[in-house]
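Note sheet for the following structure.
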Amino acid sequence: MLLDSVTNRRRIMRYTDKTNDLGLLIKLSIMVLVTMFLLIAQAVNAQQFFTDDAAVTTERSFQVETWYGEFESVFTPALGVNSWLELGVGFEFDTKNNFELGAMGFHAKGVTADFEEEGQAFGLVTGVVFDESFASDEFFFYVPYSRMILNESSALHLNLGTAFHDGSVEILYGVRGDFGVHDRVAVVAEVFAENDDFLYHGGLRFSLIPDLLEMDVMYGRGFRSGQEFPGISVGVSFTPDTLW
């Protein structure tokens, strides 16, 4: 899934001072999905996973992922067109400035197989990001590879790709492990980089309602001294079964 999604990194870019109201529906959706953990957690710096998996949203259904933070909040719905193709859109909001829209992006993701059934799969993800004035700001593509490990109780994910932004080219790569420790709890850890800028990210994933609702509580920072990004993050993923 695209924790990772329209932006496993800055694809749903940085918050800005641009005033732009997308409508109450998306804003209310964010608040509904994050209310459950706002009751037990204060505002934090939000960030999705940087290392994607080679899996798509449930066929003929959808998923919604939302992350809430002190500075920015992310809302990423995606549609499973069929068993191998997913289309999605992402929105970033300025949390401190009345949830004003900061940026948005679109992505398409295809996979070669269901890696949980087949044991491994490759994927291809491509997309475009728009800045606060809706001008094209970044184009990206990357290849995720996923493989079941440890008697299929856990999974390993590898990413390699590139992004074109402001006339520069950035190389993206990362490795992530999802280690099952209980039917409803997994330890998730990743190391990722843009060019030679390395960071780590790790924490717990809770299956609140199996195959429907998950929550991730994570912490990450850079290897360089003083590099505190991405900090603490809390996210919710809603993945209903087939709808049509």
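The values are calculated or read from the model by the stated rules, or taken from the named source; none is laboratory data. Fair warning: this is a prediction, and the values are worked out from it, not measured in the lab. Cβ sites come from the backbone with ideal geometry, for glycine too, and all protein chains shown count toward neighbours.
Quick look at the numbers
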quantity	calculated
Residue satisfying condition, being touching a Leu at 6+ places or on another chain (Cβ under 7 Å) and either modelled with pLDDT of 80 or more or assigned to a helix (DSSP H, G or I) (or both), within set L28, L87	L87
Counted residues, segment 105-131 - those being crowded, with 21+ Cβ neighbours inside 10 Å, touching a Ser or Thr at 6+ places or on another chain (Cβ under 7 Å) and within 17 Å of T76 (Cα to Cα)	2
One residue from L199, L243, L204, L208 being of a type outside the set (F, W, Y) and crowded, with 16+ Cβ neighbours inside 10 Å	L199
Entirely in segment 187-244, the strands (runs of 3 or more DSSP E) that have 1 or more residues that are under 23 Å from Y142 (Cα atoms) and hydroxyl-bearing (S, T, Y)	197-209, 231-238
Residue satisfying condition, being surrounded by 12 or more Cβ atoms within 10 Å (Cβ to Cβ), modelled with pLDDT of 95 or more, closer than 19 Å to Q120 by Cβ and touching a helix residue (DSSP H, G or I) at 6+ places or on another chain (Cβ under 6 Å), within set S154, S146	S146
Selection status of S133, touching a Gly at 6+ places or on another chain (Cβ under 8 Å) and more than 23 Å from G80 (Cβ to Cβ)	no
Segment 37-84, subset assigned to a loop (DSSP other than H, G, I, E, B) and charged (D, E, K, R), residue modelled with the lowest pLDDT	E70
Filter result (among the aromatic types (F, W, Y) and out of contact with any Gly (no Cβ under 8 Å at 6 or more places or on another chain)) within segment 74-114	F91, F99
Breaking point among (1) crowded, with 17+ Cβ neighbours inside 10 Å; (2) without any contact (Cβ under 8 Å) to a residue 40 or more places away in the chain, for E190	(2)
Selection count where residues are touching a residue at least 24 places away in the same chain (Cβ under 8 Å) and within 20 Å of V175 (Cβ to Cβ), scope segment 103-148	18
Test result for V236, touching a helix residue (DSSP H, G or I) at 6+ places or on another chain (Cβ under 7 Å) and closer than 20 Å to Q63 by Cα	yes
Identity of the residue in segment 213-223, free of Cβ contacts under 8 Å to residues at least 40 places away in the same chain and in contact with a Phe, Trp or Tyr (Cβ under 7 Å, 6 or more places away or on another chain), that ends up surrounded by the most Cβ atoms within 10 Å (Cβ to Cβ)	E214
